[in-house]
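One structure is given here, and the rest of the page talks about it.
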Amino acid sequence: MIGWRKVGTIVDVGAWLKNLGLGQYEVGFRDNAIDGDVLPSLTAEDLKEVGVAAVGHRRKLLDAIAALRTEPKTASDTTLPPEPPPAGSLHSPPSPPQKSADIAAERRPVTVMFCDLVGSTALAAKLDAEDWRDLVGAYLDAASEAVVHFGGHVLKKLGDGLMALFGYPSAQENDAERAALAALAILAALDALNARNEIRGLPRLSARIGLDMGPVVVDATGEVFGEAPNVAARTQAAAAPGTALVTAAVQRHIAGRFVAEDKGPHDLKGVSGRPILYRLVRASSGARRGGARSLTPFVGREEDLALLLRRWERARGGEGQFVQVVGEPGLGKSRLVEEFRARLGETPCTWVEWATSQLLQNTPLHPLAEWGRLRFGGADVPADKRLADLEEALGRAKLDAGETAALVAPLLDIPVPEARAPRRAPEEVRRRQLAALAAWIVSGARAQPLVLAFEDLHWADPTTLDLMKTLVDRGAAAPLFIVATARPEFRAPWATRSHHGVVSLVPLDRAEIRKMVGTIAERHALSNEVMDGVTDRTGGVPLFVEEVTRLLLEGGARGGAQAIPPTLQQSLAARLDRLGEAREVAQIGAVLGRDFSYGMLRSVAAINPVAAVADRGGGVADPALQRGGALTEAALQSALDKLAEADLLFVEGHAPDAAYRFKHALIQDAAYESLLKIRRQALHRRAAEALLAALEPQPELVAHHFTQAGDTESAVEWWGKAGDAALRRSAFQEAIAHLGKAIEMADKARDRASPQVDRDSREARAKVHAGYALASMMTKGFGAEETKAALARAEVHAGAIRTPRDWTVLYGRISADMMRGDGRAARAGAERFRKEAEALGLAGHALYARRTIAFLKLMAADFAGAAADLRTVIAESGAQLDQELLAIFGTDLLCFAQATLGHTIWYLGEFDESRRLFKAALDGATTWGQVSSQCAALFNDALVGARGGRAAAVLPVAETLLTLAETNELKFWRAAGAKLAGWARVRLGQHDAAAAFRARLETDAELGAKLNQPTSKALLADVERTLGRHDEALAAVARGLAIADETGEDWVRCWLLRLRGEVLVEADAAGAEAAYRDALLLSVAQGARSETLLVSIALARLYQSTSRPVEAYAVLSDALEGFAPTSEMPAIAEAQALIEDWA
């Protein structure tokens, strides 16, 4: 029987299917081993593979599965792990937490140790079985004790070896360091065991140890899955007897804390490449964490440093000071102290440095012992010499060297002869020892100002804190400066006094982060996008900034900026583990994103309604429910408070209206990565369902969560909706991104699915392909190769019955014909489009077709016909934005028609009305947020200005167009704006802009557009004429006229002929006159009064210069008839002035 757990009972899946009316799938479920553990996590893709082909059946099953997930679970199904033990406990290591059925495994970064005896087979053959058992047992006990002592977990004992994990069941910041210490301790314990066995005549044992680290999955049975266990085992096999080898991953974490010998690359069976291995020699003495790496750039801490320096000056003057530098891990506490030390320079002072260790929090005065070994030497220096050096130092401080040395020496790990050992009660000895240490420090400070740098007060043992309290108090009247670093949770066991101070470090701001990144990557050019990525992910924590930047430089901008640096994985996992049950809430929040609301979190966390009533005082909830699959309201709020107190979340407002944001993207990523994939998918599905319950779900977020949940069908649907929404906002790049994801996912699903594709899926694919084609038209241009390909794909998916997206494809084809210069085909297509739309009663569609026809008439210089059509479109389009039509055609009807009419009537001489229409189009498009229509209005405005030669008026309009197009990545409009701005700059005397202008003209070819090439040639001819390159100008005119013959763009012929005359006017008056007369005759025939006026002025000037005043007067007066002066056409005033001069 296939069953599923439901409130402590077992339900037959076959019966469950039959109850849904879908019993025909029982065999498929059984054949695919779908049992109670698998059923709740099934996705649409899984159902397809099982054989559920019908969309309706899949939807019915998914809804039923979702309902099963919402059932309350028993206490055995808890989704929250129990509170982990306190960090740093070494002598009573935590046992693995009890795993529930819901959490059968967990992901986490760990350090893996393999330890194995050498030559055990041969030894076993020589000994009695019982003796061999005892011998191996003693070795395994010693090895296990070393592992446990340093906070590791013995996962398995493998005959004569063992496997241990550091970082499981809870992580510490220094798991790799703990593992290395444990490895050395095992080898030392084995030496001690051999010494005892030698007395008993037993053989010597030798072991080899291997360490590696990385992300793994540990299941409830203790099995570990991942690469690290295999690499650790192979590393152990490569070690020489009696040694421990570590991989580069481990070495990166422990560098500077251990002496390690580089053993070079090794061939490890089953491991790719030739990894470099290192032999552990011993632990270093007093090395700082981070090893020998160069210091992080000192950025953003100048004010804090200045405070330390001021306090130091007061201490030098005899007013002792104590300053506590407080900050979260990675904010730069130690770096600030290092910089302070560097700034002291040659200033006479004594620098003493004490550092605590997380590993030795219960070892009294361990910072003093470590400092003593550094100051006077370790075991390799004779004890009598170390004692003599100590006595000399005490003598220089004017203390009783003999008596004080006997008290202090044991604390500094210096042996004292038995005869000199203090003969007092232990409590009295300890009191005198602390007093002697304090006297030594204070006396030394009076001899020469002394700085005591104390690192990590939060890990100090109680006795060390007692000593510090004494020093803080007694040092107030001595030249003693104590600077101590601590984390925010540390609470000093002494009262604050006037000579105490606190430096609270805060994250770097954006400018400081950029400066730091620039310093680290000084030899690499990083884009602003990459810089912003580092800023957003690191939250201003200098350590995070450094590690992310270095990883980025090592692995490239594509992967580095988004990955969690290996050097941070341990510490981030440790921070999460310290949260206890709040860790689960952090994981759920991480699924929701960098920002999330309380309401959304509450929905996804599945707050238990019964427990919620109890929280409000409505009764006592069943404890099983409080610890079950749903959190209580109080538990959720408590967890969020804990996350905020841990400085992991920013909080705005109060529940239930609170909003949250992860302080660092890296901690969000770490929380997310710690979830099993199946758990992630379940949470993403729950998030999608919660979003769908909202009044106005955000399509992009819904699509994202369905994608991550593995529900391809729903994801394609919602990516399509996100694309539609973007198209309505004219956010074409976003539309391309959303619809591109829908197409990619649909294609993958199609590859996996059977050839029989249902109608709904076919229509959905046709819709997203057509939307993608529309977005491509708007961004890349109608004639671009990508647009052509997108249209072709959309046509393949089109159905026999017209859908909204089929109209998009038809419109795109017409536009593509127009852009490639086939005006005849475009006109025929537009007429068919209009007639079909009218026959179907689609008035709005027909108006779009009429607008297209009007534009084609404008191109053909039928200005009156175009104006009439456009006025009809404007009158019938209505004043409101039609969102449905916008999603189909990509531009709003009214504003685009107004801009085109403004262009059209400029030719007819209606200059003031043209200006009004341009303004109305731009204002409307701006109000509605229609970027494409804004670009159209600006382009038409700038183009008529260029035809009129008004460079000063054109330049700001063209630059606005260029900026708008670049901001929204609209390639077609960007090219248009760049050409017009380049032309204007050259005409205004910026001749060095000509090269860039010519280069921009190549963009037309890249966009696959032939339309408007005659206009581009006209602009080029005018630029070359301005620069005195007459041959090049005439060639551009000739080419423009030839292309206009091919494309039917008669609207530009008058301009090109006029430009030919302007080029020839100085060298060939007759040729210029012929060109002007051709332009004049053509403009009159077209009814282009503006062109008639402009060419008449040019021709009249030519007549006047060749002593033909009567002809000059006649041609100019005819052209001026009916015109009144207006600022929109300065040529009118110019012509009137000439008439008056020649009268």
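The values are calculated or read from the model by the stated rules, or taken from the named source; none is laboratory data. Computed from a predicted structure; not experimentally measured. As a convention, Cβ positions derive from the backbone with ideal geometry for all residues, glycine included, and neighbour counts pool all protein chains shown.
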Next item on the list: Just give me the residues in the range 910-942 being crowded, with 21+ Cβ neighbours inside 10 Å, over 11 Å from PHE896 (Cβ atoms) and in contact (Cβ under 8 Å) with a residue 60 or more places away in the chain, in sequence order.
Entry: PHE911, SER914, VAL931
Checklist line | Subset of the range 301-338 [in contact with a Pro (Cβ under 7 Å, 6 or more places away or on another chain), closer than 20 Å to LEU450 by Cβ and surrounded by fewer than 23 Cβ atoms within 10 Å (Cβ to Cβ)] | finding: ARG316, GLY318
Next item on the list: Name, by its number, the condition in (1) among the β-branched types (Val, Ile, Thr); (2) touching a residue at least 12 places away in the same chain (Cβ under 8 Å); (3) assigned to a loop (DSSP other than H, G, I, E, B); (4) out of contact with any helix residue (DSSP H, G or I) (no Cβ under 7 Å at 6 or more places or on another chain) that does not hold for VAL281.
Entry: (3)
Checklist line | Residues of the range 439-456 that turn out to be crowded, with 20+ Cβ neighbours inside 10 Å and either free of Cβ contacts under 8 Å to residues at least 40 places away in the same chain or assigned to a loop (DSSP other than H, G, I, E, B) (or both), as a count | finding: 3
Checklist line | Lone qualifier among VAL1023, VAL1065 - being under 22 Å from ALA958 (Cβ atoms) and among the aliphatic types (A, V, I, L, M) | finding: VAL1023
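Suppose we filter ALA393, ALA419, ALA405 for residues that are in a helix (DSSP H, G or I), modelled with pLDDT under 85 and in the same structural domain as TRP440 (by TED's automatic domain parsing); which single one remains?
Working: ALA393 fails: modelled with pLDDT under 85; ALA405 fails: modelled with pLDDT under 85.
Result of the check over ALA393, ALA419, ALA405: ALA419.
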Next item on the list: Look through LEU1099, LEU1027 and report the one residue that is in contact with a His (Cβ under 7 Å, 6 or more places away or on another chain) and over 30 Å from ASP817 (Cα atoms).
Entry: LEU1027
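A quick yes/no check of all residues on (1) within 20 Å of THR926 (Cα to Cα); (2) in contact with a helix residue (DSSP H, G or I) (Cβ under 6 Å, 6 or more places away or on another chain):
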| position | (1), (2) |
| --- | --- |
| ALA867 | no, yes |
| ARG871 | no, no |
| LEU894 | yes, yes |
| GLN898 | yes, yes |
| HIS903 | yes, yes |
| PHE911 | no, no |
Check: Looking at ALA237, ALA228, ALA180, which is the one that is within 15 Å of VAL118 (Cβ to Cβ) and not hydroxyl-bearing (Ser, Thr, Tyr)?
Finding: ALA237
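Going residue by residue through the range 340-351, is there one that turns out to be in a helix (DSSP H, G or I) and within 29 Å of ASP175 (Cβ to Cβ)?
Residues of the range 340-351 that are in a helix (DSSP H, G or I), as a first pass: 340-344.
Pick out the ones that are also within 29 Å of ASP175 (Cβ to Cβ) and you get none.
The answer is no, given that none of the residues of the range 340-351 is in a helix (DSSP H, G or I) and within 29 Å of ASP175 (Cβ to Cβ).
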Check: Can you pull out the residues in the range 1090-1130 that are touching a residue at least 60 places away in the same chain (Cβ under 8 Å), farther than 16 Å from LEU1056 by Cα and part of a helix (DSSP H, G or I)?
Finding: PRO1130
Item checked: Spans of helices (runs of 4 or more DSSP H) in the range 794-881 with at least 2 residues within 30 Å of LEU1082 (Cα to Cα) and at pLDDT 90 or above -> 823-839, 843-859, 863-877
Checklist line | Residues satisfying the stated conditions in the range 320-339, i.e. farther than 30 Å from LEU576 by Cβ and assigned to a strand (DSSP E or B) | finding: GLN321, PHE322, VAL323
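Out of the residues in the range 351-366 that are farther than 16 Å from LEU407 by Cβ and either of a type in the set (A, V, I, L, M) or modelled with pLDDT of 90 or more (or both), state the one that is surrounded by the fewest Cβ atoms within 10 Å (Cβ to Cβ).
Per the stated criteria, the residue is TRP351.
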Check: Which condition number in (1) outside the structural domain of ARG474 (by TED's automatic domain parsing); (2) out of contact with any helix residue (DSSP H, G or I) (no Cβ under 8 Å at 6 or more places or on another chain); (3) under 16 Å from ALA484 (Cα atoms) is the one that ASP267 fails?
Finding: (3)
Next item on the list: Kindly provide the set of residues from the range 370-387 that are crowded, with 17+ Cβ neighbours inside 10 Å and not basic (Lys, Arg), ordered by number.
Entry: GLU370, TRP371, GLY372, PHE376, GLY377, LEU387
Notebook entry, point to check: Among the numbered criteria (1) among the aliphatic types (A, V, I, L, M); (2) farther than 17 Å from ASP304 by Cβ; (3) surrounded by 12 or more Cβ atoms within 10 Å (Cβ to Cβ), which single criterion is violated by VAL502?
Noted result: (2)
Next item on the list: Please go through the range 634-681 and pick out each residue that is more than 24 Å from GLU106 (Cα to Cα), part of a helix (DSSP H, G or I) and in contact with an Asp or Glu (Cβ under 8 Å, 6 or more places away or on another chain).
Entry: ALA634
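Rundown of residues vs (1) surrounded by 22 or more Cβ atoms within 10 Å (Cβ to Cβ); (2) of a type in the set (A, V, I, L, M); (3) in contact (Cβ under 8 Å) with a residue 40 or more places away in the chain; (4) under 22 Å from ALA737 (Cβ atoms), yes/no style:
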| residue | (1), (2), (3), (4) |
| --- | --- |
| VAL944 | yes, yes, yes, no |
| ARG950 | no, no, yes, no |
| PRO956 | no, no, no, no |
| LEU961 | yes, yes, no, no |
| LYS971 | no, no, yes, yes |
| ARG974 | yes, no, no, yes |
| LYS979 | yes, no, yes, no |
| GLY982 | yes, no, yes, no |
Notebook entry, point to check: Can SER170 be described as polar (S, T, N, Q) and farther than 21 Å from VAL216 by Cα?
Noted result: no
Notebook entry, point to check: On the given criteria, is LEU691 within 18 Å of VAL591 (Cα to Cα) and part of a helix (DSSP H, G or I)?
Noted result: yes
Notebook entry, point to check: Which ranges mark the helices (runs of 4 or more DSSP H) fully within the range 509-626 that have 3 or more residues being at pLDDT below 85?
Noted result: 510-520, 528-538, 542-555, 557-560, 566-577, 609-615, 623-626
Notebook entry, point to check: Within the range 222-272, restricting attention to residues that are of a type in the set (D, E, K, R) and surrounded by 19 or more Cβ atoms within 10 Å (Cβ to Cβ), which residue is farthest from the chain's Cα centre (by Cα)?
Noted result: ARG234
